Amino acid sequence: MMAEDAAPLAGHVLLVHVQQARHLEVFGKVNPFVTVAVGKTKHKTAVRDGDANPSWGECFEFELDDSAHNDQLVVHVQDQHLMRQGSLGTFTLALSSLTVDTEKS
């Protein structure tokens, strides 16, 4: 249940900027990419072949609905190989911990 004074997330857009990573060396060559997910919506960055310090500069947009306060933002850094994909790390954030900026510029 949401607090009464919390602004609902429905109707808002969450922008996620995937900028860069550093020191992703793991047992040789790494081909990193990032997946970003909220609920059932998932986006994927480009793969940066052989780059242990990749820069993506990609932005993803998530339109939030009435159930968004129960969702999580999941950011997963992975290594793509020809035969398998390996996890380099995951970050999870409950959307219920976000606040909505209601001030007009």
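The figures follow:
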read-out: The one condition in (1) open to solvent by 50 Å² or more (accessible area, probe 1.4 Å); (2) at pLDDT 85 or above that Ala37 fails to fulfil; value: (1)
read-out: In region 8-37, the residues that are outside any strand (DSSP E or B), farther than 14 Å from Pro54 by Cβ and in contact with a Ser or Thr (Cβ under 9 Å, 6 or more places away or on another chain); value: Leu9, Ala10
read-out: Any hit, region 11-24, residues being modelled with pLDDT under 90 and either in contact with a strand residue (DSSP E or B) (Cβ under 6 Å, 6 or more places away or on another chain) or open to solvent by less than 50 Å² (accessible area, probe 1.4 Å) (or both); value: yes
read-out: Subset of region 25-34 (residues that are open to solvent by less than 40 Å² (accessible area, probe 1.4 Å) and among the hydrophobic types (A, V, I, L, M, F, W, C)); value: Val30, Phe33, Val34
read-out: Cβ-Cβ under 6 Å pairs, at least 6 apart or on other chains, region 49-66 side assigned to a loop (DSSP other than H, G, I, E, B), far side open to solvent by 40 Å² or more (accessible area, probe 1.4 Å); value: Gly50/Lys29; Ala52/Glu25; Asn53/Arg22; Pro54/Arg48; Leu64/His12
read-out: Any chance Ser87 is of a type in the set (S, T, N, Q), modelled with pLDDT under 90 and open to solvent by 40 Å² or more (accessible area, probe 1.4 Å); value: yes
read-out: Top-ranked residue of region 52-84 - restricted to ones that are at pLDDT 90 or above and polar (S, T, N, Q), ranked as farthest from Lys40 (Cα to Cα); value: Asn53
read-out: Top-ranked residue in region 92-105 [being surrounded by fewer than 12 Cβ atoms within 10 Å (Cβ to Cβ) and not β-branched (Val, Ile, Thr); ranked as modelled with the lowest pLDDT]; value: Ser105
read-out: Members of region 71-84 that are open to solvent by 70 Å² or more (accessible area, probe 1.4 Å) and in contact with a strand residue (DSSP E or B) (Cβ under 9 Å, 6 or more places away or on another chain); value: Gln72
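The values are calculated or read from the model by the stated rules, or taken from the named source; none is laboratory data. Just so you know, these numbers come straight off a predicted model, no measurement behind them. Ideal geometry is used to build each Cβ from the backbone, glycine not excepted, and the neighbour counts take in all protein chains shown. Ligands, DNA and RNA are excluded from the accessible area calculation, which covers all protein heavy atoms including side chains. Shrake-Rupley method; radii C 1.70, N 1.55, O 1.52, S 1.80 Å.
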